[in-house]
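Okay, structure first, notes after.
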Amino acid sequence: MKASQLNKVMDFLRDSLAQATVLWWSFFDWLALVEWRQLFITWFLAMAFGLALTLPEPAVWYVILSYAVKVLAGGKRKAELTAREATEEANVAVLERRLLEAQMATLQAQVEPHFLFNTLALIGQLIETDPPQAARIHMHLIEYLRSTLPQMRAAGGGTLGRQVQLSRAYLSIMQARMKERLTVSFDVPAQLEHMPFPPMMLQTLIENAIKHGLEPKIEGGRIDVGARLVGDAMHVDVRDNGVGFNMHAGDGVGLANIRERLLLLFGSRAELVIEMPVEGGALASLRVPYSSHETN
C-alpha cells in the first residue's frame, strides 16, 4: 500500500473515532437531560421493533444500558451541566443555590439499579416457566416505575405518602422474587402521609434491610415500616428481623448518601439512627423535623 493511501486510511480512522466520540457524548448528554417520559417512549418503540423483528435482546440491552447510564451517571452529568450553566449566568447568590441543587441531584441519582436488572432477568426466565407470575411481576414493575418517575422529576421533593407508595411497589417486586421468605407490614398514620419527606431515602433503607439483613438468612424474614411523632420530630422506621447490623462497619454508599442529604436539607435538625434491638435484627430510623402547620 502506498504511503498516500495509508495516510488516507489513518485520516479516515481518526475522523471516524472523533465522530464516534462526539456522537457518544451527545447521546450521554441526551440521556442526562431527557425527560423520563420521553425515554420510556424510546424503550417502548425499541421493544416493539425488537419483538416485531424477533430480536428482543438488543432492545432489552438498550433499555438496561440507557437506564443504568441515566440513573448512575445521568444525574451527575445533569448536575454538572446545571452547575456550569449557573456559573456562567447567575450572580453569586443564585450560583450558590444552583450548586446546592446540583449537589442534591447528584446524591439523589445514586440509586442502586441492581434490583431492576434482576427483575428484568427474572421476568425473562418466568416467561418460559411461569407466564402468569411473569405478568404479575411485570405489573409490579410498572407500578414501581410509575411511582418513581414523578418523584425523580420533582424539584421540591416528595411526601411521606408518596415514599410509602413507592416502597410498597418495590416490596411487591421483592416479595414476588423472594416469595414466602419475605413478609412486610406498614404502620403509617394517615395524618403523616402529607408531610414533606426526602425522595428515595425510605426505599434505600428497605433495600439495605433486605440485602444485608434478610437475604443472608436462609428462611428470610419480615420488614416493618412505621412512622410516628416524637416531640418536634417525625421518626420513620424500618425494622427487620434479619441477621443484624455490624455496628463496627462503616456506612455503605446508601447510608452515607442518606446522611449527606439529610445534612444538606436539614443541617443538624435531622439524623439517621441505626440500632440493634435486643430481640434481634436491625432498626434504621430517619428522624426529620416536624411542624404541625405543614399538614394544614
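The values are calculated or read from the model by the stated rules, or taken from the named source; none is laboratory data. None of the values given here were measured: they were computed from a predicted structure. Neighbour counts run over all protein chains shown; Cβ positions are idealised from the backbone, glycine included. These area figures cover heavy atoms from the full protein model, side chains too; ligands, DNA and RNA do not enter into them. Shrake-Rupley method; radii C 1.70, N 1.55, O 1.52, S 1.80 Å.
Every residue, every condition in (1) closer than 29 Å to Lys179 by Cα; (2) assigned by the TED database to the domain that holds Arg181; (3) open to solvent by 80 Å² or more (accessible area, probe 1.4 Å); (4) not in a helix (DSSP H, G or I), yes or no:
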site	(1), (2), (3), (4)
His212	yes, yes, yes, no
Glu219	yes, yes, yes, yes
Ala256	no, yes, no, no
Leu264	no, yes, no, no
Ile274	yes, yes, no, yes
Glu279	yes, yes, yes, yes
- Query: When Ser285 is evaluated against the numbered criteria (1) part of a strand (DSSP E or B); (2) of a type in the set (S, T, N, Q); (3) more than 21 Å from the chain's Cα centre (by Cα), which criterion, by number, is the only one it fails?
  - Reply: (3)
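This table checks each residue for (1) assigned by the TED database to the domain that holds Leu120; (2) touching a residue at least 40 places away in the same chain (Cβ under 8 Å); (3) open to solvent by 50 Å² or more (accessible area, probe 1.4 Å); (4) under 30 Å from Tyr144 (Cβ atoms).
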residue: Asn7; (1), (2), (3), (4): no, no, yes, no
residue: Asp15; (1), (2), (3), (4): no, no, yes, no
residue: Phe28; (1), (2), (3), (4): no, yes, no, yes
residue: Ala32; (1), (2), (3), (4): no, yes, no, yes
residue: Phe44; (1), (2), (3), (4): no, no, yes, yes
- Just name the residue that is nearest to Ile258 (Cα to Cα) out of those in the range 169-210 that are buried (at least 16 other Cβ atoms within 10 Å of the Cβ) and polar (S, T, N, Q). Thr204
- Quickly run through the range 221-238 and pick out the residues that are buried (at least 17 other Cβ atoms within 10 Å of the Cβ) and either of a type in the set (Asp, Glu) or part of a helix (DSSP H, G or I) (or both). Asp224, Asp237
